[in-house]
Amino acid sequence: MTNPFGIVSSEAILEGAATDAYFERTRTTLEHAGKNPRVVAEVTADQFSTGSFEVCTGVKDVATLFEGRDVDVDALPDGQLFDGGPVLRIEGPYLEFAELETSLLGFLSQPSGFATAALEARLAAPSATVLSFGARHVHPAIAATVERAALLAGLDGFSHVAAGDVLGREAGGTMPHALMFCFGEGNQADAWRAFDEAVPEDVPRIALADTFWDEKSESLLAAETLGEDLDGVRIDTTGSRRGDFRHIIREVRWELDARGHEDVDIFCSGGLGPENIRELRDVADGFGVGSHITGADSVDFSLDIVEIAGEPISKRGKLSGVKQVYRTADGGHHVALADRDGPDDAEPLLEPLVRDGEVVREFDLEAASERCLEDAAAVGFDG
Ligand code: PCP
């Protein structure tokens, strides 16, 4: 079996076969009519600013997609926030990229949605450890996309092993409930002890402490069992049993402290979003966040031709003309025609990505993450 999971291949994406059929019809028609106008097209979510920022990412994949094509592409830097106006601009003969639109939008839309949601989680608890746990909610083919978006937004780590191979980072994680079940109720201490004996020293000793008994009992048992070796407990109380989760966490903290286990951290997971994280951030040390990130809406990008043969053009409701977007000194996002002066002291954000088919930008995830967090502070992003 050459493609057992029916995954669209990288080759299909690069050659433009990962497209909507109407683009193939468009090529057939334009070639038949002998037309291939020089156009400028822009990728935009909202035409004007809305007061709500989102994170732009996926730019590196877009650069790869356009490599070797007879086009110039400008784009926001990876990790930059935006609020209206284009995030990317393509200039060239239309048939150089007609079929690429589908993949191009997909490369930007879903990762930007993941990164925006991850940034919300990150900023909900700036000084806590926040980890990405959601790879299980997406098709495994895009696990690295999720984990990359999480790191871009400043999360401290992620769980997916193969994504780690793709990203050149190591996945983290300790134990699922399955491990606790394999030892059975009443034998939690054996499970944690075996884990401590078996796994490499650099793996943190975080005991899952909600499986059979209440969180306080299991946390204290874990602390007694592993003593100084225990780094933390993870509390993943099921929603139906949660009651007042903040109270549960405070109670566990209190009881651990009362027995001299002040150094044992408390990690929380299970359906947490920014609101829950804000409620818990002063009582918990870390959070695992999954569905908030993986369930994020894709950013609703579309690609529109804005100039054809040098003349501005647009469909009704869209804005014609080649545009530039600016980060203003007060942290605003300004959209303007590219051939006019931008606002004073404003930084133009669309920068060269591809020139004559050559990728002219380097990508570094750490630098992009720094940019994302700095820009979030500059624009006052609070989710
Ligand atoms: C955690 C939690 C969610 C996972 C992580 C993703 O799983 O219960 O199912 O977080 P999310 O709810 O924010 O999407 P574990 O406790 O490891 O689950 P299991 O019961 O499989 O051990």
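The values are calculated or read from the model by the stated rules, or taken from the named source; none is laboratory data. Just so it is clear, the model here is predicted, and its values are computed rather than measured. Backbone-built Cβ (ideal geometry, glycine too); neighbour counts: all protein chains shown.
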The range 171-204, residues that are at negative phi and under 27 Å from the mean Cα position of the chain (by Cα): Ala171, Gly172, Thr174, Met175, Pro176, His177, Asp202, Val203, Pro204
Some residue of the range 177-193 being of a type in the set (A, V, I, L, M), exposed (fewer than 13 other Cβ atoms within 10 Å of the Cβ), out of contact with any Asp or Glu (no Cβ under 7 Å at 6 or more places or on another chain) and without any contact (Cβ under 8 Å) to a residue 60 or more places away in the chain: yes
All positions within the range 338-365 that are out of contact with any Gly (no Cβ under 7 Å at 6 or more places or on another chain), of a type in the set (Gly, Ala, Ser) and at pLDDT 95 or above: Ala338, Ala346
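crowded, with 22+ Cβ neighbours inside 10 Å, at pLDDT 95 or above, in the same structural domain as Cys268 (by TED's automatic domain parsing) and within 12 Å of the ligand (Cβ to nearest atom): is that true of Ala135 in this structure?
Details: crowded, with 22+ Cβ neighbours inside 10 Å: yes; at pLDDT 95 or above: yes; in the same structural domain as Cys268 (by TED's automatic domain parsing): yes; within 12 Å of the ligand (Cβ to nearest atom): yes.
Yes; evaluated as a whole, the condition is true for this residue.
Just name the residue that is nearest to the chain's Cα centre (by Cα) out of those in the range 121-132 that are outside any helix (DSSP H, G or I) and within 13 Å of the ligand (Cβ to nearest atom). Don't jump to the end; show me each part of the working.
Quick first cut of the range 121-132, residues outside any helix (DSSP H, G or I) only: 125-132.
If we keep only those that are within 13 Å of the ligand (Cβ to nearest atom) too, we end up with 130-132.
Details: Val130: 13, Leu131: 12, Ser132: 9 Å.
The selected residue is Ser132.
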Test: residue in the range 267-280 that is away from the ligand (no atom under 15 Å from the Cβ) and either over 30 Å from Val138 (Cβ atoms) or in contact with a strand residue (DSSP E or B) (Cβ under 8 Å, 6 or more places away or on another chain) (or both): no
Test set (1) farther than 19 Å from Ile13 by Cα; (2) touching a Lys or Arg at 6+ places or on another chain (Cβ under 8 Å) - Glu96 fails condition number: (1)
Candidate set from the range 247-266 (those that are of a type in the set (D, E, K, R) and surrounded by 18 or more Cβ atoms within 10 Å (Cβ to Cβ)); member that is farthest from the ligand (Cβ to nearest atom): Arg253
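Within the range 97-119, can one find any residue that is farther than 30 Å from Gln324 by Cβ and either more than 16 Å from the ligand (Cβ to nearest atom) or within 17 Å of the chain's Cα centre (by Cα) (or both)? Full working, then the answer.
Taking the range 97-119 and keeping what is farther than 30 Å from Gln324 by Cβ, we get none.
Scanning the range 97-119 turns up no residue that is farther than 30 Å from Gln324 by Cβ and either more than 16 Å from the ligand (Cβ to nearest atom) or within 17 Å of the chain's Cα centre (by Cα) (or both).
Just to check your reading of the model, which residue among Arg278, Arg250, Arg241 is assigned to a helix (DSSP H, G or I) and at pLDDT below 95? Full working, then the answer.
Working: Arg278 fails: at pLDDT below 95; Arg250 fails: at pLDDT below 95.
After applying the criteria, what remains is Arg241.
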Which numbered condition Leu152 fails, given (1) touching a residue at least 60 places away in the same chain (Cβ under 8 Å); (2) within 15 Å of the ligand (Cβ to nearest atom): (2)
Given (1) more than 16 Å from the ligand (Cβ to nearest atom); (2) in a strand (DSSP E or B), number of the condition Phe287 does not satisfy: (1)
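Please return the ranges of strands (runs of 3 or more DSSP E) entirely within the range 313-381 where 3 or more residues are crowded, with 18+ Cβ neighbours inside 10 Å, in the same structural domain as Pro86 (by TED's automatic domain parsing) and on the phi < 0 side of the Ramachandran plot.
Working: elements: 323-327, 333-337, 351-355.
So the answer is 323-327, 333-337.
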Residue check for Gly260: without any contact (Cβ under 8 Å) to a residue 12 or more places away in the chain, on the phi > 0 side of the Ramachandran plot and either among the acidic types (Asp, Glu) or outside any helix (DSSP H, G or I) (or both): yes
Single condition Lys60 does not satisfy, out of (1) within 30 Å of Gly332 (Cα to Cα); (2) part of a loop (DSSP other than H, G, I, E, B); (3) in contact (Cβ under 8 Å) with a residue 60 or more places away in the chain; (4) within 23 Å of the chain's Cα centre (by Cα): (2)
Looking only at the range 194-224, and only at residues there that are within 28 Å of Phe158 (Cβ to Cβ) and of a type in the set (Ser, Thr, Tyr), the one that is surrounded by the fewest Cβ atoms within 10 Å (Cβ to Cβ): Thr211
Any hit, the range 204-220, residues being among the small types (Gly, Ala, Ser), touching a His at 6+ places or on another chain (Cβ under 9 Å) and farther than 30 Å from Gly58 by Cα: yes
